[in-house]
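A.B. asks: Here's a structure for you.
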C-alpha cells in the first residue's frame, strides 16, 4: 500500500482524519497574486512559497530544516516576529544592487535594502532611501552580505545595477517633471553625460534653481549605460545645453569681426 501523501490537499477526508492530530505541524504556503512582468504567471509568489514548503516538509523527518522568512523586515517588527517564531534567519524583501563612488571609494558593489513607505502601500525607491534624513546608509557588501555603514554625505554618487528597473531607482510620479541634457563633473574626478531629471516646482524652473534647493540631496542622472544618483554636494560643475541667449564676445572683438567680414 502506497504511503499517504504529505500534501493535505491530496489527502482524502479519512486519511486527513487519521494522520492529522492536535500536535501536528502544518506548513501553509502564502503568496501574493500580482503581476511579475509579461513572462511570468500571476501566482509566481505562491509557486515559490509552495516549493519552499515542500522542501521544508521533505527535510523535516531528518536534519533540522532551516526556516527563512523571505518577506521579513518589509514592515516594522517583521524581523523580530519571524525570529521569535522560531525562524533561523530572514531576508529583506527588496534588495537593489548598486555601486558606491566617492573620492575614497573607487567603486564598491553592494546591495541596498528598500522598506515599505510609512503608509505601507509601496516600497520606497533608492532615491528616497538616499534622501532620508539619516546620515549613514546600510549596504550589504561581499559574498556574505556583511553590513557596512557608509556616510551618505561623503558619497559622490550611487549607480544602480543594469538589471534594476528604473521605477526601483526613482519614481517620476504624476507631478510635473523635466529632463535636460547635461554634463556633470564630480569631486571624485568623474564626468558624466546624460539627462538630468528634476521635478518641477514651477514651469520656468531651471536646473540651477533645482540644485540650489537640494544642497544635500541626491538627484538622478540618466546615462546610456546606467542611472546614477548624484550627491548635489559632490558636484563641481554642470554644463548645460542652453546658452545665455546673447553673444558674450566683448564689443571691440565683435566690431573687429564685423569689419573683417565687410572687407
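A.B. asks: Would you check if there is a residue in region 210-218 being in contact with a strand residue (DSSP E or B) (Cβ under 6 Å, 6 or more places away or on another chain), in the same structural domain as residue 132 (by TED's automatic domain parsing) and under 26 Å from residue 109 (Cα atoms)?
C.D. replies: Yes, region 210-218 contains at least one residue that is in contact with a strand residue (DSSP E or B) (Cβ under 6 Å, 6 or more places away or on another chain), in the same structural domain as residue 132 (by TED's automatic domain parsing) and under 26 Å from residue 109 (Cα atoms).
Residue by residue, here is whether (1) in a loop (DSSP other than H, G, I, E, B); (2) in the same structural domain as residue 127 (by TED's automatic domain parsing); (3) modelled with pLDDT of 65 or more; (4) in contact with a helix residue (DSSP H, G or I) (Cβ under 6 Å, 6 or more places away or on another chain) holds:
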{"site": "31", "(1), (2), (3), (4)": "yes, no, yes, yes"}
{"site": "34", "(1), (2), (3), (4)": "yes, no, yes, no"}
{"site": "52", "(1), (2), (3), (4)": "no, no, yes, no"}
{"site": "57", "(1), (2), (3), (4)": "no, no, yes, no"}
{"site": "64", "(1), (2), (3), (4)": "yes, no, no, no"}
{"site": "76", "(1), (2), (3), (4)": "yes, no, no, no"}
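A.B. asks: Additional query: When residues of region 184-219 are filtered for being free of Cβ contacts under 8 Å to residues at least 12 places away in the same chain, within 20 Å of residue 172 (Cα to Cα) and part of a strand (DSSP E or B), how many remain?
C.D. replies: Total satisfying the criteria: 0.
A.B. asks: Picking from 254, 244, which residue would you name as being surrounded by 11 or more Cβ atoms within 10 Å (Cβ to Cβ) and at pLDDT below 65?
C.D. replies: None of the others qualify; the one that does is 254.
A.B. asks: How about region 114-139: which of its residues are modelled with pLDDT of 90 or more and assigned to a strand (DSSP E or B)?
C.D. replies: 136, 137, 138, 139 - these are the residues of region 114-139 that are modelled with pLDDT of 90 or more and assigned to a strand (DSSP E or B).
A.B. asks: Has region 151-162 got at least one residue that is in a loop (DSSP other than H, G, I, E, B), closer than 30 Å to residue 206 by Cβ and in the same structural domain as residue 216 (by TED's automatic domain parsing)?
C.D. replies: Scanning region 151-162, I find at least one residue that is in a loop (DSSP other than H, G, I, E, B), closer than 30 Å to residue 206 by Cβ and in the same structural domain as residue 216 (by TED's automatic domain parsing), so the answer is yes.
A.B. asks: Which of the residues spanning region 163-182 are in a loop (DSSP other than H, G, I, E, B) and without any contact (Cβ under 8 Å) to a residue 60 or more places away in the chain?
C.D. replies: If the condition is that a residue be in a loop (DSSP other than H, G, I, E, B) and without any contact (Cβ under 8 Å) to a residue 60 or more places away in the chain, then 165, 170, 171, 172, 173, 174, 175, 176 are the ones that fit.
The values are calculated or read from the model by the stated rules, or taken from the named source; none is laboratory data. In this text, all values refer to a predicted model and were calculated from it rather than measured experimentally. Here Cβ is always computed from backbone atoms with ideal geometry, including for glycine, and neighbour counts include all displayed protein chains.
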